[in-house]
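The values are calculated or read from the model by the stated rules, or taken from the named source; none is laboratory data. A quick note: this is a predicted structure, and the numbers were derived from the prediction, not measured. Backbone-built Cβ (ideal geometry, glycine too); neighbour counts: all protein chains shown.
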Amino acid sequence: MKNESRQINRPTAKRCTLLALALSVLAIGGCESPGEGDGEIINAIFLPTDTLLNLACADAGIGFELCVLEDPENPFALVATPEFNVNDPDARTKFELANNIPAGPTGAKARFYLWATALARFPSGENQWYTARALHELFDANSDPLIQEQALRAYRSMFDNFWGSVTFFECCGGVSFSVNLNEKTADDLYRTDSTGYARLVPGDPLNTLSLISEWGYTYRPATPPNFDDGLVTINGG
């Protein structure tokens, strides 16, 4: 299945926006490059702004699949997506790229490519979760059932491949705190307000609990007002 091409709403024309980068990148295809010829060192790339997605293979953005790195529509294929380096905590990271992508639906497709690229290069729960969120955002924008399926698979991969992962958020004057992604993933699926996006599992939220159970896990939903006491366990574990 690695070589299978899966089409999702193939666009007839590309809409792009320019992303200025603080990091040097290689000029790439996809939209007209701001320079003459591939390989020129530039400080900007063009990003797609549409919400129509062609997956390079059936498992693009899932687990340890690498096909997104060879996707000609991926604007980040030749862009460094550095992880946080404890030995150089002030160095630029993938989050600097993410923060420069336009908010809202016009940036959702670019966010998918960024996080799927980061995931392919450095498989981690953090990169998988952000990839799942980007697919969720794309589904919210266009209601495509194939994107819906891929988003669900990306969320499930959090449990199957990256159990116990965390990510870090910053607040309160620069104080960092960790968030367990088992529970964050389940909450994103169960509670609409967790993401603000359309539900991937329609109908009663109990349907989400049933699906998570089919995957082999049990979720005890978080409770208001903080929604920070949810718990995911492995069935039979």
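Take Val179 and decide whether it is surrounded by 14 or more Cβ atoms within 10 Å (Cβ to Cβ) and modelled with pLDDT under 95. Answer is yes for this residue. Every condition in (1) part of a helix (DSSP H, G or I); (2) closer than 22 Å to Ala110 by Cβ; (3) touching a residue at least 60 places away in the same chain (Cβ under 8 Å) is met by Leu200 except one, and the failing one is (1).
Of all residues in the stretch 178-218, those being over 25 Å from Leu138 (Cα atoms) and either of a type in the set (Val, Ile, Thr) or touching a helix residue (DSSP H, G or I) at 6+ places or on another chain (Cβ under 7 Å) (or both) number 2. With respect to being out of contact with any Gly (no Cβ under 9 Å at 6 or more places or on another chain) and within 22 Å of Pro48 (Cβ to Cβ), Arg92 falls outside the description.
All conditions in (1) at pLDDT 50 or above; (2) surrounded by fewer than 16 Cβ atoms within 10 Å (Cβ to Cβ); (3) touching a helix residue (DSSP H, G or I) at 6+ places or on another chain (Cβ under 7 Å) hold for Leu47, with the sole exception of (2).
Residue count for the stretch 64-79 satisfying the condition of being surrounded by 17 or more Cβ atoms within 10 Å (Cβ to Cβ) and either among the β-branched types (Val, Ile, Thr) or touching a Leu at 6+ places or on another chain (Cβ under 8 Å) (or both): 5. In the stretch 117-129, is there at least one residue being touching a strand residue (DSSP E or B) at 6+ places or on another chain (Cβ under 9 Å) and buried (at least 24 other Cβ atoms within 10 Å of the Cβ)? Looking through the stretch 117-129, at least one residue is touching a strand residue (DSSP E or B) at 6+ places or on another chain (Cβ under 9 Å) and buried (at least 24 other Cβ atoms within 10 Å of the Cβ). The conditions of being in contact with a Phe, Trp or Tyr (Cβ under 6 Å, 6 or more places away or on another chain), crowded, with 17+ Cβ neighbours inside 10 Å and of a type outside the set (S, T, N, Q) are not met by Ala141.
Residues in the stretch 51-77 that are on the phi > 0 side of the Ramachandran plot and of a type in the set (Asp, Glu): none. Note on the stretch 215-237: residues that are assigned to a loop (DSSP other than H, G, I, E, B) and aliphatic (A, V, I, L, M) amount to 1. Taking the criterion of being of a type in the set (Val, Ile, Thr) and either closer than 21 Å to Gln148 by Cβ or in contact (Cβ under 8 Å) with a residue 24 or more places away in the chain (or both), the residues of the stretch 82-117 that qualify are Ile101, Thr106, Thr117. In the stretch 186-228, what residues are of a type in the set (D, E, K, R), loosely packed, with under 11 Cβ neighbours inside 10 Å and either more than 21 Å from Arg133 (Cβ to Cβ) or touching a strand residue (DSSP E or B) at 6+ places or on another chain (Cβ under 9 Å) (or both)? Result: Asp204, Glu214.
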